[in-house]
Amino acid sequence: MPNAGETSNRLQLNNLVQHLRLSYTREYTTSGLKHEEKHICKIFIKGKQYGHAMEGRTKESAFEAAAGTALTDLKAEYPSSS
């Protein structure tokens, strides 16, 4: 969870994608035993993967991490939108 005054990666990604009039999709892969599941999230915009596939113990944590790397790539591709 972000601290007061911080914005989560997923919220920043949503805001930037909306500003650019784009949309994204998430792809999850789950592995491991039920009590030790690992979730991997990939983010795609217009069929292109942005950021790195990120792993987390929950889908939410994997998405938050993947959103951070996707933001970095998206800001590099659209520098005037930052």
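Looking only at residues in the stretch 47-82 that are loosely packed, with under 11 Cβ neighbours inside 10 Å and at pLDDT 95 or above, the one that is nearest to Asn9 (Cα to Cα) is Ala76. Taking the stretch 1-21 as the range and being charged (D, E, K, R) and modelled with pLDDT under 95 as the test, only Glu6 passes. Of all residues in the stretch 60-82, those that are within 25 Å of Thr30 (Cβ to Cβ) have Cβ atoms under 6 Å from Cβ atoms of residues that are modelled with pLDDT under 95 and among the aliphatic types (A, V, I, L, M), 6 or more apart or on another chain, in Ala62/Met54; Ala65/Met54; Ala66/Met54. Just for the stretch 32-44: of the residues that are among the aliphatic types (A, V, I, L, M) and surrounded by fewer than 19 Cβ atoms within 10 Å (Cβ to Cβ), which one is nearest to the chain's Cα centre (by Cα)? So the residue we want is Ile40.
The values are calculated or read from the model by the stated rules, or taken from the named source; none is laboratory data. In this text the structure is predicted, and so the values were computed from the model without any measurement. Counting neighbours? That spans all protein chains shown, and the Cβs are built from the backbone with ideal geometry, glycine included.
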